[in-house]
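S.K.: Below is one structure. I have some questions about it.
Rule-based calculations on the coordinates, nothing more; no lab input. Source: prediction; values computed, not measured. Cβ sites come from the backbone with ideal geometry, for glycine too, and all protein chains shown count toward neighbours.
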Amino acid sequence: MFWKKSPNLVLTSLLVIHLLAHIDRNMLLGFSSQIIADLSLSNAQYGFLVGAVWVLSFGAMALFMGTLADRFSRTRVIAAGVLIWSICTWASGHAQSFEHMVLARFFVASGEAALVPAAIGLLAELFSDKRRSSAMGVFFMGIPLGIGCSFLLAGTFGATHGWRGTFQTLGIAGAVIASLVAFLKDERGSRVTHERGTPIVQQVTGMLSFLREHRPLVLILIGFVLVHMIFAGLSFTQLWLVRERGMNAAGVASNIGILQLIFGTIGSLTGGVMGDRLARRLPGSHASLMLLLVLICAVPMLAYRFAVPGSAIFHIGMCAGFFLPLALYGPANAAVMHHVPEQMRSTISGFQMLCINVFAIALGNLGVGWAIDLLGSYGASTPITYVALATDVLGISSALFFALAARASSQRPLMTGSVQGTR
């Protein structure tokens, strides 16, 4: 179709949709105090809304939506997802109780689970190996930009229209975007041989069989999931800085938000560009580049846990922690998309999102909170420091898996006859 003849325009459109997704996803954080007060929520109920509800829905639906994107129109899957999450974002603005908000946020997460698997498969078709990592990096800029914009909107538009008006407006905007995307026909590229994905059980079974036969790809996936343990530590960064590093609570949140926005965005863009310009020059390709990025960031990330707040080492280490996970999105997704059959790309992307959300985000945050409470009960003076340091070490341990993947892939290709992008 003619719209596919402008891959950069497609990428820009997907970035805007991804940006909207993360604004809607994180808007609860921007209005946390107002929503807790208006709905009379307990801290446990609020934690359930921003944690378990989201992960349980998003994680499970990502794999299902990925299989649909491989079998049917990717643009229709994206449009359906945007429409679902937008209607439920609008409904969130009308919630009158904890139960209403749980139901709305569950389906917001279900709808947003459609975007990444379908978009990754589409970008992998439109961009060749030489540009694919950069495209992935630009697309995943939606994560830090969306987080930053959600807080910005809460403080500007939300200050005038309130949290309910903001949710309702975002829902209407998303529904308009969904209607536009629905008109785009997703005819697969004619220059490649494409087979549609199969029904979900058969598709998932085939994906697992494929992964068992391609050890380097599994190692990349394990490493990529592990590096997200850094996010589990970041969830407790504000608490750590205030309780154990003596920083002022009023300024910590805004400073963290600004730094995460800036260095997360820089990470996405830098990692993506390096994946295209540097990875193919290295033995082991993208896996070697990811190993290099982890090793570069490892020392400042660990040093900052012991540095004096406000010092150069402190700020460099904190920014490295914001930079690293996002810097791996471009090369990691480019590597995965290059080495899987075209009819399985969205399914594996959905499986990757499932693993990240279940093991790193859900279990990771639960484990961090449990470990902090446990150490505190034993009288540890700085329990958050110890646990946060452990999450950093786990994230950095991804370097081992990237090294093994680089060694294995340099000895033999992960898959012969992989399909190349069309542009």
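S.K.: Can you give me the long-range amide H partners of M247? Hydrogens built in the peptide plane at 1.01 Å from N, cutoff under 5 Å, separation of 5 or more residues or another chain.
M.R.: Here V242 satisfy the definition.
S.K.: Just how large is the dipole of the chain about the Cα centre, in debye to the nearest 20, putting +1 at every Lys and Arg Cβ and -1 at every Asp and Glu Cβ?
M.R.: Here the chain has a charge dipole of around 1140 debye.
S.K.: Students often forget the sequence filter, so: which lysines lie under 23 Å Cα-Cα from K130 once same-chain residues fewer than 8 apart are removed?
M.R.: Here the lysines satisfying the reach criterion relative to K130 are K4, K5.
S.K.: With θ set to phi - 60°, apply the Karplus curve 6.51 cos²θ - 1.76 cosθ + 1.60 along region 19-27 and write out the HN-Hα couplings as whole Hz, x wherever there is a Gly or Pro.
M.R.: Going residue by residue, I get 4, 4, 4, 7, 5, 4, 5, 9, 5 Hz, with x marking Gly and Pro.
S.K.: To the nearest 20 Debye, how big is the dipole of region 198-413 about its Cα centre, given +1 on the beta carbon of each Lys and Arg and -1 on that of each Asp and Glu?
M.R.: Taking the Cα centre of region 198-413 as origin, the dipole is about 440 debye.
S.K.: Between rounded, prolate and oblate, where does the chain land on the alpha carbon gyration tensor, with a ≥ b ≥ c its root eigenvalues, rounded for a/c under 1.5, else prolate if a/b exceeds b/c?
M.R.: Because a/c hits 1.5 or more and a/b fails to exceed b/c, the chain counts as oblate.
S.K.: While we're here: Looking at region 302-375, which chymotrypsin sites (Phe, Trp or Tyr not before Pro) are in a loop (DSSP not H, G, I, E or B) and have at most 15 other Cβ atoms within 10 Å?
M.R.: Filter output for region 302-375: F306.
S.K.: Something else about it: For R215 and V299 in one chain, what is 0.36 nm times their gap in residues minus the Cα-Cα distance, to one decimal in nm? Kindly include the intermediate steps, with their values, before the conclusion.
M.R.: Numbers: separation 84, 0.36 × 84 = 30.24 nm, distance 2.87 nm.
So the extension gain works out to 27.4 nm.
S.K.: Output wanted: per-residue J couplings in Hz (rounded whole) for region 278-284, from phi through Karplus 6.51 cos²θ - 1.76 cosθ + 1.60, θ = phi - 60°, x for Gly and Pro.
M.R.: 10, 4, 6, 8, 9, x, x
S.K.: Rounding to the nearest 20 debye, state how big the charge dipole of region 1-183 is about its Cα centre with +1 on each Lys and Arg Cβ and -1 on each Asp and Glu Cβ.
M.R.: In debye, rounded to 20, region 1-183 gives about 540.
S.K.: Taking the Cβ of T75 as the center, what net charge do the other residues with Cβ under 14 Å away carry, scoring Lys and Arg +1 and Asp and Glu -1?
M.R.: Numbers: positive: K4, R71, R74, R76, K185, R188; negative: D70, E125, D186, E187.
Overall, the nearby charge balance is +2.
S.K.: Still on this model: Lys/Arg Cβ at +1, Asp/Glu Cβ at -1, dipole of the chain taken about the Cα centre: which of F167, T12, L259 is farthest positive-ward?
M.R.: About the Cα centre, the residue reaching furthest to the positive side is T12.
S.K.: Report the full-extension gain for the segment Q238 to W370: residue separation times 0.36 nm, less the Cα-Cα distance, to one decimal in nm.
M.R.: Between Q238 and W370, full extension yields 45.8 nm more.
S.K.: As I understand it, the dipole of the chain uses +1 on the Cβ of Lys and Arg and -1 on the Cβ of Asp and Glu, about the Cα centre. Which of Y329, H22, L366 lies farthest toward its positive end?
M.R.: Comparing the listed Cα positions along the dipole, Y329 ranks first.
S.K.: Subtract the Cα-Cα distance of Q202 and L282 from 0.36 nm times their separation in residues, and report this length gain in nm to one decimal.
M.R.: Stretched out fully, the Q202 to L282 stretch lengthens by 25.2 nm.
S.K.: Along region 293-310, what does the Karplus equation 6.51 cos²θ - 1.76 cosθ + 1.60 (θ = phi - 60°) give for ³J(HN,Hα), rounded to whole Hz, x for Gly and Pro?
M.R.: 5, 5, 5, 5, 7, 4, 4, x, 5, 6, 5, 5, 5, 10, 7, 6, x, x
S.K.: Okay, which of region 367-402 sit inside 16 Å, backbone N to the point 7 Å along the Cα-Cβ direction of A44?
M.R.: The answer is 370.
S.K.: Run lengths n ≥ 4 of DSSP H only: what is the helix-derived mean residue ellipticity at 222 nm for the chain, with -39500 (n - 2.57) per run over all residues, to the nearest 500?
M.R.: Numbers: 22 runs with 322 residues, N = 423.
Theoretical 222 nm ellipticity from helices: -25000 deg cm²/dmol.
S.K.: Let's test the formula: R0 of 35 Å, r as the Cβ-Cβ distance of A312 and S397. What FRET efficiency results, to the nearest 0.05?
M.R.: 0.85
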